[in-house]
Amino acid sequence: MAEEVRAEMVANVWKVVVGVGDSVAAGDALVILDSMKMEIPVISEDGGTVASIAVHEGDVVQDGDLIAVVES
């Protein structure tokens, strides 16, 4: 089963923390967004393996944009 992690706000992608193939636990940060000089971690709700990362550092994401896919 795959979890699609999506942006919850308009923000800049400040840092991509994980890469494709990395193992993550529930609550691990996948990327860090920057909005109005605040750093907002985007976390995985389930543990598993990062199947894809859909953003790059410096990208601007909109509410609902795909950030990553984590396969359990």
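Per-structure values
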| read-out | value |
| --- | --- |
| Loop sites in the range 30-71: GluC sites (Glu not before Pro), DSSP, at most 12 other Cβ within 10 Å | E45, E57 |
| The chain - percent relative contact order, Cα under 8 Å, separation 6 or more | 45 |
| Residue among A51, A26, A11 with the largest mean-square fluctuation in a Gaussian network model of the chain, springs linking Cα atoms under 10 Å | A26 |
| Protein accessible area in the range 3-72, 1.4 Å probe - carbon and sulfur % | 50 |
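The values are calculated or read from the model by the stated rules, or taken from the named source; none is laboratory data. From a predicted model like this one, the values you see are computed outputs, not experimental measurements. Neighbour counts are summed over all protein chains in view; Cβ atoms, including those assigned to glycine, are modelled from backbone coordinates with ideal geometry. Side chains included, ligands, DNA and RNA excluded: accessible areas come from the protein's heavy atoms. Shrake-Rupley method; radii C 1.70, N 1.55, O 1.52, S 1.80 Å.
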